Every structure is written in C-alpha cells, then in structure tokens.
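The values are calculated or read from the model by the stated rules, or taken from the named source; none is laboratory data. Quick caveat: nothing in here was measured; it's all calculated off a predicted structure. Don't worry about glycine lacking a Cβ; one is built from the backbone with ideal geometry, like all the others, and counts go over all protein chains shown.
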Amino acid sequence: MKIDIQDVNEVRKIATIRYDAQEIQIEEGLLLRILCKDVKISGFRKGKVPADMVKRQFADELRRRLQQKLTQSAYENLVKEKAWNVFAVTAVDVHEEDGFELIFTIDLRPEIVLEDYKHFPLIPPPTIEVSEEEIEKSIQQLRRQHAEYRKVDRPAQKGDFVRLNYRGILADGREISKLVAQPSAWGEQLNMWEEAGTDETLGIRPIVDALVGLREGDTRKVETDLPPEFEVPELAGQRAIYQIEILEIREQILPEINSDFFLKVKAENLENLKKKLSDELRNHKLQQSRLAQREELIRFLLTNITFTIPESAVIAEQERLLKNFTAQQPQHVIASPGFKDQQKEFFENAVGQARQYAALNFILEYIAKKENIEVTADDMQQLLLQDASALHIAPEKLYKELQQDRQRIQDMQRRVILGKTLHFLLAANTRTPGHSPTETDHSHATETAKS
C-alpha cells in the first residue's frame with residue numbers, strides 16, 4: 001500500500017492510497033473464503049461450494065465487500081500512521097481503472113496551544129446600583145399595566161389608545177401588503193391599537209404621531225420616505241403612503257397608589273414594593289453584566305487565539321444557522337415561491353458568523369477536555385425542559401423525539417459542554433459583585449448552553 005499526502009492547508013489533507021495487485025489479490029482471497037462459508041447454492045452443502053463458482057455468481061457482492069474492506073483498512077492505517085486527529089472526512093473517491101486507488105479528503109482538528117486560560121485580562125464589571133428614578137419608572141410601568149381604558153368622544157391626545165385601520169401603498173400605487181411577507185406592520189393592519197404620540201413605539205412613527213388630534217370616524221393620509229438601507233428590502237428607498245381610519249379612542253386611567261394597587265401587584269406597602277422592584281432591577285442588571293462579560297470573553301478568545309479552521313466545520317455551522325433560521329419562519333413564508341432563494345442568500349451571508357462559531361467551539365472543546373468538564377443527567381434534563389418550553393411542546397414529547405434522533409442528542413450534549421466551559425472561563429476570569437468565582441452557578445451555565 002502506497003500513501004501520498006497533499007497538504008492543502010494546516011488542517012486539510014488529501015491522501016491518495018494505492019493498493020498493488022498482490023495486495024488486492026490477498027484481500028480478495030480472504031473475503032472469498034468467508035463468502036464461500038456463508039453462501040447457499042442448490043446441490044452443494046453449506047461451505048462446500050467451489051470458490052470459482054462463488055466468485056462468478058456473487059461477483060458484485062464480492063466487489064462490494066472488497067471495496068469496503070480496502071477503504072476501511074486504508075483509512076485506519078492512514079490515521080494510525082500519521083497520528084491524525086480527524087475532524088471530518090469530507091470526500092472519498094474510488095478509482096479502479098488501474099488497480100485500486102482511494103483519495104480521501106480529510107479535515108483535521110486544529111492544534112490549539114493555550115496554556116494559561118484562567119488569567120485573561122478581562123475588565124471587571126461596574127458596581128451594580130439602582131437609582132430612585134429607575135424605581136419610580138418601574139412603578140409607573142406597573143400602573144400602566146393595571147390601567148383602565150375609558151372610551152372618550154373627543155380628539156385623541158398624547159397617551160390615548162386608538163383603535164384604527166390602515167393600508168399602505170407605494171408612490172407608484174403598488175400595495176405594500178402584496179410586496180412584503182404577511183403579517184407585516186408595513187402593509188395593512190385592521191383593528192389594531194396604537195398609543196397616540198408615544199415616544200416609544202414599535203409601530204410606524206408617522207402614523208403614531210398623526211393620531212394626535214384625530215377623532216373617531218376621521219381619516220387621514222400619511223406619507224413617509226423610507227431610507228435606502230431600510231430593514232425591509234422591498235421598501236428600501238421608497239415613499240410609503242398610508243390611509244388611516246380611526247375606529248375608537250380610549251383614555252388611559254392609571255390606578256392610584258393605594259392598598260388596592262398594592263394588592264394587585266402583590267406588595268405590602270410602598271416601601272415593600274420599592275424593595276421588590278429594586279431587587280428585580282438589580283438582578284436584571286446583573287444578568288446584563290454577565291452577558292456583557294460573556295460577549296467580552298468571546299471577543300477576547302476569537303481575537304487572541306488564532307488557528308486554521310476546518311472548512312467542513314464552517315459549513316456545518318452554516319447549516320445549523322440555516323436550520324434555525326428556517327425553523328423561525330412562519331409556514332406561509334416557508335411555502336412562498338422565493339423562500340429557497342432566501343435560504344440560499346442566508347446561507348452565503350452566514351459564513352462569517354459560522355466561522356466564528358466554529359472557532360469558538362474548538363477553543364471551548366479544548367478547554368473542556370483539559371478541565372474534564374462533562375455532561376450530567378441533570379444538565380440534559382434542564383436543557384430538555386428549556387428546549388421544550390422554547391418549542392412550546394410537552395417535555396415528554398420532545399424526549400420521545402430525541403430517542404429517535406441520536407444526532408440531536410449529541411448536539412444537546414455539545415451545547416451543554418460548551419455552555420459549562422464558557423461559564424467556567426467567566427468564573428475564572430471575572431469578579432462579579434456578590435458572586436464568588438469558585439461558586440457553581442448551574443442554572444446560569446445551562447442558560448449559556450442554550451445559545
């Protein structure tokens with residue numbers, strides 16, 4: 001057996017393996033003897049069929065077994081001889097015109113050298129404080145959540161809630177609802193509620209502003225020029241014209257801060273409510289701080305640890321991202337004629353993000369191995385519950401699905417390992433207020449694994 005290696009780069013190898021006629025003859029003879037023992041032909045006892053007859057009648061089966069045996073032996077000997085840590089075999093080409101030749105395209109796991117990963121120069125998060133102004137803002141949000149809405153017969157004022165219809169067209173008369181995926185706020189909406197003149201809105205700003213001063217039954221035309229970089233490509237750089245119809249106006253009546261209000265928000269009194277809100281705000285800021293630490297750590301890892309990434313790993317991440325993108329789309333979008341083109345465009349544009357994910361995976365897997373970080377049954381159970389909740393299905397149903405999909409289970413295990421390793425690095429390299437780096441924060445580690 002002759003082996004020739006072509007180095008495409010540090011992690012991709014093309015190995016050409018050739019068997020000479022004598023080697024092929026020996027392997028074929030061994031397989032033929034095994035086949036003779038197994039086959040049954042009328043007129044002969046089992047194991048007594050002449051070899052030349054078996055070779056003629058079972059030529060295709062013998063050839064299949066020979067190809068399988070030579071391929072397996074070639075791969076095993078290759079990896080053993082070269083001491084390769086294989087990530088993926090991306091292609092196997094077989095040529096039998098002149099003897100037997102195999103061409104393996106193999107991606108290796110990159111060699112990562114990272115001795116001290118517990119003393120990265122990460123910036124510690126700031127001290128977490130909650131201001132009185134933030135608490136007061138939270139109280140006002142609670143009041144709005146428990147507000148009453150009284151119908152009024154007057155022009156809408158800022159802060160009123162208005163029920164309306166609107167329909168959008170472009171300047172050339174084309175209906176926006178026929179240009180963009182539905183449902184979309186940019187096309188047509190019926191019986192929707194908007195807060196008139198609010199400074200914070202997810203709606204169409206010109207429509208929200210135009211509601212102030214209109215009465216029930218009024219109509220108005222509103223125009224807006226959308227920028228060239230607009231988020232909806234079909235509308236970028238266009239002038240949109242909306243016809244508004246006012247159906248109803250309701251005034252928001254905020255509840256008084258009294259015992260009835262405290263009962264609704266499950267607080268004993270104002271002091272107790274402020275303490276609860278302060279704790280909630282502090283916890284939220286702590287989570288945001290942890291997220292900032294996580295992002296900073298990832299940036300540091302990707303910037304300072306460089307190596308050649310196997311192309312097959314990048315493609316695998318692109319496929320994972322595409323699968324997630326597709327799963328998030330409504331069924332009517334998936335069924336639309338142009339969705340395959342959207343998938344292709346997404347796949348091509350995801351290469352940069354996929355390369356970063358692949359690099360991060362290799363780094364974290366390296367550290368996990370050095371630290372003996374493992375997946376426990378509790379880890380898998382918690383992640384299963386989180387995935388079931390995200391997918392809006394019963395945990396029992398997801399569990400049954402996983403029993404039929406080994407690859408999906410392995411992917412969950414990988415997510416747990418990577419999440420726990422990332423959390424290990426965060427604990428080793430940062431000092432969070434009120435959080436010791438030696439503590440085990442299982443819930444946060446598993447939460448990290450969700451990504």
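When you scan the stretch 267-357 for helices (runs of 4 or more DSSP H) that lie fully inside it, which ones turn up with 1 or more residues that are in the same structural domain as Leu425 (by TED's automatic domain parsing) and modelled with pLDDT of 95 or more? Step through it out loud before you land on a result.
Values: elements: 270-304, 311-327, 331-334, 339-349.
Qualifying helices (runs of 4 or more DSSP H): 270-304, 311-327.
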- Please verify whether the stretch 412-430 includes one or more residues that are modelled with pLDDT under 90 and not in a helix (DSSP H, G or I). yes
- Only one of these is of a type outside the set (Ser, Thr, Tyr) and in a strand (DSSP E or B): Val130, Val113, Val92. Name it. Val92
- Across the stretch 208-257, which residue is farthest from Ala171 (Cα to Cα) among those that are in contact (Cβ under 8 Å) with a residue 40 or more places away in the chain and small (Gly, Ala, Ser)? Gly213
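Let me confirm something: among Leu214, Leu170, Leu202, Leu179, which residue is aliphatic (A, V, I, L, M) and loosely packed, with under 14 Cβ neighbours inside 10 Å? Don't jump to the end; show me each part of the working.
Numbers: Leu214 fails: loosely packed, with under 14 Cβ neighbours inside 10 Å; Leu170 fails: loosely packed, with under 14 Cβ neighbours inside 10 Å; Leu179 fails: loosely packed, with under 14 Cβ neighbours inside 10 Å.
After applying the criteria, what remains is Leu202.
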- Query: Could you count how many residues in the stretch 383-403 are surrounded by 12 or more Cβ atoms within 10 Å (Cβ to Cβ) and outside any helix (DSSP H, G or I)?
  - Reply: 1
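Go through the stretch 60-116 residue by residue and tally those that are among the basic types (Lys, Arg), in contact with a helix residue (DSSP H, G or I) (Cβ under 8 Å, 6 or more places away or on another chain) and within 19 Å of Thr16 (Cβ to Cβ).
So in the stretch 60-116, the residues among the basic types (Lys, Arg) come out as 63-65, 69, 80, 82, 109.
So of that shortlist, the ones also in contact with a helix residue (DSSP H, G or I) (Cβ under 8 Å, 6 or more places away or on another chain) come out as 65, 69, 109.
Then drop every residue that is not within 19 Å of Thr16 (Cβ to Cβ), which leaves 69.
Adding up the residues that qualify gives 1.
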- Item | Residue match in the stretch 323-331 (condition: of a type in the set (A, V, I, L, M) and surrounded by 13 or more Cβ atoms within 10 Å (Cβ to Cβ)) | no
- Considering only strands (runs of 3 or more DSSP E) wholly within the stretch 143-228, the ones with at least 3 residues that are closer than 30 Å to Ile257 by Cβ and in contact with an Asp or Glu (Cβ under 6 Å, 6 or more places away or on another chain) are 161-170
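Out of the residues in the stretch 102-123 meeting the condition of being modelled with pLDDT of 90 or more and buried (at least 17 other Cβ atoms within 10 Å of the Cβ), tell me which one is farthest from the chain's Cα centre (by Cα).
My answer is Leu102.
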- Query: Any chance the stretch 223-238 includes a residue that's among the hydroxyl-bearing types (Ser, Thr, Tyr) and under 33 Å from the mean Cα position of the chain (by Cα)?
  - Reply: no
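Restricting to the stretch 1-37, and then to whatever is polar (S, T, N, Q) and touching a residue at least 12 places away in the same chain (Cβ under 8 Å), can you tell me which residue is surrounded by the fewest Cβ atoms within 10 Å (Cβ to Cβ)? Spell out how you get there, then give the answer.
Pass one, the stretch 1-37, residues polar (S, T, N, Q): 6, 9, 16, 22, 25.
Adding the requirement that they be touching a residue at least 12 places away in the same chain (Cβ under 8 Å) leaves 9, 16.
On the way: Asn9: 12, Thr16: 15.
Only one residue tops the list, namely Asn9.
Quick test for you: out of Ala59, Ala83, pick the one residue that is without any contact (Cβ under 8 Å) to a residue 12 or more places away in the chain, of a type in the set (A, V, I, L, M) and at positive phi.
On the way: Ala59 fails: at positive phi.
So the residue among Ala59, Ala83 that is without any contact (Cβ under 8 Å) to a residue 12 or more places away in the chain, of a type in the set (A, V, I, L, M) and at positive phi is Ala83.
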- Message: Filter the stretch 1-59 down to the residues that are within 30 Å of Thr90 (Cα to Cα) and either over 47 Å from the mean Cα position of the chain (by Cα) or in a helix (DSSP H, G or I) (or both) and list them by number.
- Response: Asp20, Ala21, Gln22, Glu23, Ile24, Gln25, Ile26, Glu27, Glu28, Leu30, Leu31, Ala59
- Query: When only residues in the stretch 40-98 that are in contact with a Lys or Arg (Cβ under 8 Å, 6 or more places away or on another chain) and of a type in the set (Gly, Ala, Ser) count, which is farthest from Asp4 (Cα to Cα)?
  - Reply: Gly47
- Message: Contact list please: Cβ distance under 7 Å, first residue in the stretch 142-164 and surrounded by 15 or more Cβ atoms within 10 Å (Cβ to Cβ), second residue among the hydroxyl-bearing types (Ser, Thr, Tyr) and at pLDDT 95 or above, pairs at least six apart or on different chains.
- Response: Phe161/Tyr149
- Failed item in (1) in contact with a helix residue (DSSP H, G or I) (Cβ under 7 Å, 6 or more places away or on another chain); (2) surrounded by fewer than 16 Cβ atoms within 10 Å (Cβ to Cβ); (3) touching a residue at least 24 places away in the same chain (Cβ under 8 Å), with Val130 passing the rest: (2)
- Would you pick out the residues in the stretch 254-294 that are of a type outside the set (Lys, Arg), more than 30 Å from Phe161 (Cα to Cα) and under 38 Å from the mean Cα position of the chain (by Cα)? Asp279, Asn283, Leu286, Gln287, Gln288, Ser289, Leu291, Ala292, Gln293
- For Leu384, the lone unmet condition from (1) aliphatic (A, V, I, L, M); (2) touching a Pro at 6+ places or on another chain (Cβ under 8 Å); (3) within 23 Å of Ala427 (Cα to Cα) is (3)
